[in-house]
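The values are calculated or read from the model by the stated rules, or taken from the named source; none is laboratory data. Since the structure is predicted, the reported quantities are computational estimates derived from the model, not experimental observations. Here the Cβ positions follow ideal geometry from the backbone for every residue, glycine too, while neighbour counts run over all protein chains shown.
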Amino acid sequence: MNAPIAPNWRTLRQLPPQAAVAAMELARRHVGDFASFTWADVHRPLLMTPFHRKLAEILEQAAERRQNIILSTPPQHGKSTFVSVAFPAWWLGRHPGDSVILTSYAASLAYRNSRAVRDVVEGAAFRVLYPDVGTDPASRAVDAWKLAPPHTGQVVAAGVGGPITGHGAELGIIDDPFENWMQAQSKTYRDRVWDWFKGTFRTRIHENGVMVLISTRWHPDDLIGRLLKHQPERWVYYNFQAVYEGNCGRDDPLGRKIGEPLAPALYSLEALRSIEEDVGPRVWEAEYQGCPMSVSEVLLDVSKLQIEDDVPDNVKMRYAVRYWDLAASDAPGSSYTTGLKLGVDERGEWWVLDIARTRSLWPQTREMARQTLLKDGPSVVQGIENVGFQRAAYDDLRSLAPEGYKIRRVKVVGDKASRTVYFSGPLAAGKIHVLRRPWTQAFLDELREFPHGANDDQVDALSGAAYMLRRQTPQKARSRSWA
């Protein structure tokens with residue numbers, strides 16, 4: 001474990017007087033030293049790796065040079081501690097007349113960061129550094145609190161789309177504007193975030209103020225992507241890859257060699273490779289490497305599939321689901337109606353056990369669906385997407401099912417390419433098995449040609465079944481709607 005940059009407040013009394021004075025001066029000057037000095041007062045001792053030192057250095061430079069910065073970092077590497085807590089507290093100590101706006105995808109996260117900043121400012125370590133700066137006892141709400149007079153500084157916190165109108169700021173921080181992968185795959189939501197940034201957040205920042213955006217990458221067109229496309233001259237961009245592998249053509253901020261992990265004290269290379277195997281290439285390249293792929297770059301490596309004649313006798317299925325992707329037309333060349341049965345064995349590996357497929361609309365398909373349902377038996381959960389005309393098909397299939405059979409409404413969000421994230425991890429890890437049957441070759445061809453092939457109904461059905469499988473509880477049935 002890496003040692004902190006400077007002594008923390010609790011160890012200050014153990015230092016010779018001259019060294020103690022020097023430590024306090026370092027904490028006032030530098031974000032990293034400030035974080036080390038104050039953190040043990042209100043939280044556990046702070047882990048300070050070279051990555052965190054670099055983060056602190058970049059934040060400090062942004063404050064001095066009045067730069068707007070974008071920081072792309074992998075999940076769970078301690079970014080919020082420095083960017084959304086230590087940095088604004090350090091800023092308020094140095095500029096107690098300034099206002100700070102803290103935002104995130106949800107108000108609850110912004111409030112949590114606001115509360116943490118307030119805890120630091122109210123802590124004994126902060127008072128040692130800035131004895132004349134404290135909070136106003138009459139204004140301590142987490143969504144908006146003030147410094148005690150004569151200072152006029154304040155902190156305002158809100159979620160994306162939340163109420164920050166009417167509040168100006170010298171420092172504005174956006175800490176992850178998207179909550180999760182599927183939310184960021186929605187163009188509607190990306191437009192909403194972009195409109196909020198332009199129409200609300202940006203208009204609150206004063207002249208010579210500093211904006212900081214720190215986020216996991218989710219999509220080429222996420223907020224980072226749009227700012228780099230439309231305003232590249234206004235931002236300084238730093239991408240920290242979980243494992244340095246060329247950094248999308250950019251220099252590595254830490255100057256690492258190829259293959260070096262970002263913060264080994266947090267995640268070893270072995271642990272990161274295990275994550276890479278679990279989440280698959282698309283999520284790995286976006287969230288962990290900061291290099292999101294466009295839809296045209298989504299390629300499914302069919303060579304990773306394990307083709308089997310049958311399920312071996314020593315492999316036991318834990319449970320199975322079948323997802324129905326229904327056709328909207330029966331015209332020549334249109335999509336098929338596809339019901340894909342996907343099981344998971346006791347090792348956690350997946351099996352494509354059956355594909356029922358026909359080019360016809362639901363009224364003509366309902367008998368095939370009924371026969372398939374009866375063949376599967378009551379242990380196999382049947383799912384139909386909960387949108388448009390498919391809602392009527394759900395009601396129809398449910399009325400056809402004998403008592404004890406489980407039919408579920410399923411709401412899978414995102415576009416066709418983004419939905420492949422539900423099975424891309426097991427696929428990349430070689431943990432999806434496919435039975436050798438008359439339907440197998442067409443299934444493999446469609447996966448191989450996606451997203452440029454003539455059909456994608458089997459890919460959609462696999463995505464839907466994978467989504468169901470990830471949400472299925474084998475011990476007891478879930479509620480009727482999986483929306």
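Note on the range 195-227: residues that are more than 30 Å from Ala265 (Cβ to Cβ) and in a helix (DSSP H, G or I) amount to 13.
Contact map, the range 373-385: first residue among the hydroxyl-bearing types (Ser, Thr, Tyr), second residue in a strand (DSSP E or B), Cβ cut-off under 8 Å, separation 6 or more or different chains; pairs are Ser379/Tyr319; Ser379/Ala320.
All conditions in (1) surrounded by 15 or more Cβ atoms within 10 Å (Cβ to Cβ); (2) part of a loop (DSSP other than H, G, I, E, B) hold for Val283, with the sole exception of (2).
Condition check ((1) under 19 Å from Arg391 (Cα atoms); (2) in contact with a strand residue (DSSP E or B) (Cβ under 8 Å, 6 or more places away or on another chain); (3) at pLDDT 95 or above) across all residues:
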| site | (1), (2), (3) |
| --- | --- |
| Ala271 | no, no, yes |
| Glu277 | no, no, no |
| Val283 | no, no, no |
| Gln289 | no, yes, no |
| Ser294 | no, no, no |
| Thr337 | yes, yes, no |
| Leu340 | yes, yes, yes |
| Trp351 | no, yes, yes |
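When Ile164 is evaluated against the numbered criteria (1) surrounded by fewer than 16 Cβ atoms within 10 Å (Cβ to Cβ); (2) more than 19 Å from the chain's Cα centre (by Cα); (3) modelled with pLDDT under 95, which criterion, by number, is the only one it fails? For Ile164, the exception is condition (1). The sole residue among Ala369, Ala327, Ala320 that is surrounded by 15 or more Cβ atoms within 10 Å (Cβ to Cβ), in a helix (DSSP H, G or I) and either in contact with a helix residue (DSSP H, G or I) (Cβ under 6 Å, 6 or more places away or on another chain) or not charged (D, E, K, R) (or both) is Ala369. Suppose we filter Leu340, Leu374 for residues that are outside any loop (DSSP other than H, G, I, E, B) and surrounded by fewer than 21 Cβ atoms within 10 Å (Cβ to Cβ); which single one remains? So the residue among Leu340, Leu374 that is outside any loop (DSSP other than H, G, I, E, B) and surrounded by fewer than 21 Cβ atoms within 10 Å (Cβ to Cβ) is Leu374.
Within the range 266-277, the only residue that satisfies the criterion of being surrounded by fewer than 15 Cβ atoms within 10 Å (Cβ to Cβ) and in a loop (DSSP other than H, G, I, E, B) is Ser268. Of all residues in the range 58-71, none are surrounded by 24 or more Cβ atoms within 10 Å (Cβ to Cβ), in contact (Cβ under 8 Å) with a residue 60 or more places away in the chain, of a type in the set (S, T, N, Q) and closer than 18 Å to Ile173 by Cβ.
Counting only strands (runs of 3 or more DSSP E) that sit wholly inside the range 123-169, those with at least 2 residues that are within 25 Å of Met24 (Cα to Cα) and out of contact with any Ser or Thr (no Cβ under 7 Å at 6 or more places or on another chain) are 135-141. The range 384-481 holds helices (runs of 4 or more DSSP H) entirely within its bounds, and those carrying 3 or more residues that are within 23 Å of Gly348 (Cα to Cα) and out of contact with any Lys or Arg (no Cβ under 7 Å at 6 or more places or on another chain) map to 421-428, 440-449, 457-471.
What is the one condition in (1) crowded, with 19+ Cβ neighbours inside 10 Å; (2) modelled with pLDDT under 95; (3) out of contact with any helix residue (DSSP H, G or I) (no Cβ under 6 Å at 6 or more places or on another chain); (4) not aromatic (Phe, Trp, Tyr) that Leu213 does not satisfy? Failing condition for Leu213: (2). Note on the range 74-104: among residues that are of a type in the set (Ser, Thr, Tyr) and surrounded by 22 or more Cβ atoms within 10 Å (Cβ to Cβ), the one that is nearest to the chain's Cα centre (by Cα) is Ser104. Given the options Asp143, Asp176, name the one that is on the phi > 0 side of the Ramachandran plot, buried (at least 16 other Cβ atoms within 10 Å of the Cβ) and of a type outside the set (Gly, Ala, Ser). Result: Asp176 is the single residue among Asp143, Asp176 that is on the phi > 0 side of the Ramachandran plot, buried (at least 16 other Cβ atoms within 10 Å of the Cβ) and of a type outside the set (Gly, Ala, Ser). Considering only residues of the range 92-122 that are touching a strand residue (DSSP E or B) at 6+ places or on another chain (Cβ under 9 Å), assigned to a helix (DSSP H, G or I) and not hydrophobic (A, V, I, L, M, F, W, C), which is nearest to Met24 (Cα to Cα)? Only one residue tops the list, namely Glu122. Residues of the range 404-414 include at least one that is of a type in the set (D, E, K, R), out of contact with any Pro (no Cβ under 8 Å at 6 or more places or on another chain) and surrounded by fewer than 21 Cβ atoms within 10 Å (Cβ to Cβ).
Quick grid of which residues meet (1) modelled with pLDDT under 90; (2) among the aliphatic types (A, V, I, L, M):
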| residue | (1), (2) |
| --- | --- |
| Val21 | yes, yes |
| Trp39 | yes, no |
| Ala63 | no, yes |
| Trp90 | no, no |
| Ser99 | no, no |
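Please specify each residue of the range 231-264 satisfying the condition of being loosely packed, with under 15 Cβ neighbours inside 10 Å and either part of a loop (DSSP other than H, G, I, E, B) or in contact with a Phe, Trp or Tyr (Cβ under 9 Å, 6 or more places away or on another chain) (or both). Result: Gln231, Gly246, Arg250, Asp251, Gly255, Lys257, Ile258, Gly259.
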